[in-house]
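Report on one structure; see the data block that follows.
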């Protein structure tokens, strides 16, 4: 598991990018919502004003909070065939069944 701090104190501060939902409100104002953080919203009389308010709100929030990137290893899915692998190894009819399958495949090969 890797954890990276997005607000680390480097000499050159990296730019962070966010997706913002812009919604025109019935009263004529504009609401800007930071996607991924639905409680981070701002209202303005114009789109630019709403975005500026949102930007300021987020910057104020990041003074005490921080954004981290969490990388985890994806789980390796279990092969469903492994659950039944070897199920018939001790079945006395298993060899007979394999012979039947081989004969049937030969018949199909002769037809095609």
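Summary of computed values
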read-out: In the range 43-55, residue surrounded by the most Cβ atoms within 10 Å (Cβ to Cβ) [restricted to those that are assigned to a helix (DSSP H, G or I) and either modelled with pLDDT of 95 or more or not assigned by TED's automatic domain parsing to the domain that holds residue 29 (or both)]; value: 50
read-out: Any hit, the range 35-43, residues being touching a strand residue (DSSP E or B) at 6+ places or on another chain (Cβ under 7 Å) and in contact (Cβ under 8 Å) with a residue 24 or more places away in the chain; value: no
read-out: Neighbours by Cβ (under 8 Å, 6+ apart or cross-chain): first from the range 1-30, farther than 29 Å from residue 47 by Cα; second at pLDDT 70 or above and outside any strand (DSSP E or B); value: 1/72; 1/73; 5/66
read-out: Among residues of the range 28-42, those that are outside any loop (DSSP other than H, G, I, E, B) and more than 26 Å from the chain's Cα centre (by Cα), counted; value: 3
read-out: Hits in the range 58-92 - residues which are free of Cβ contacts under 8 Å to residues at least 24 places away in the same chain, part of a helix (DSSP H, G or I) and under 30 Å from residue 15 (Cβ atoms); value: 59, 60, 61, 63, 64
read-out: Matching residues, the range 56-78, being surrounded by 15 or more Cβ atoms within 10 Å (Cβ to Cβ) and within 13 Å of residue 16 (Cβ to Cβ); value: 58, 61, 67
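The values are calculated or read from the model by the stated rules, or taken from the named source; none is laboratory data. Quick caveat, the model's predicted, so the values are computed rather than measured. Positions of Cβ are backbone-derived with ideal geometry, glycine not excepted, and every protein chain shown enters the neighbour counts.
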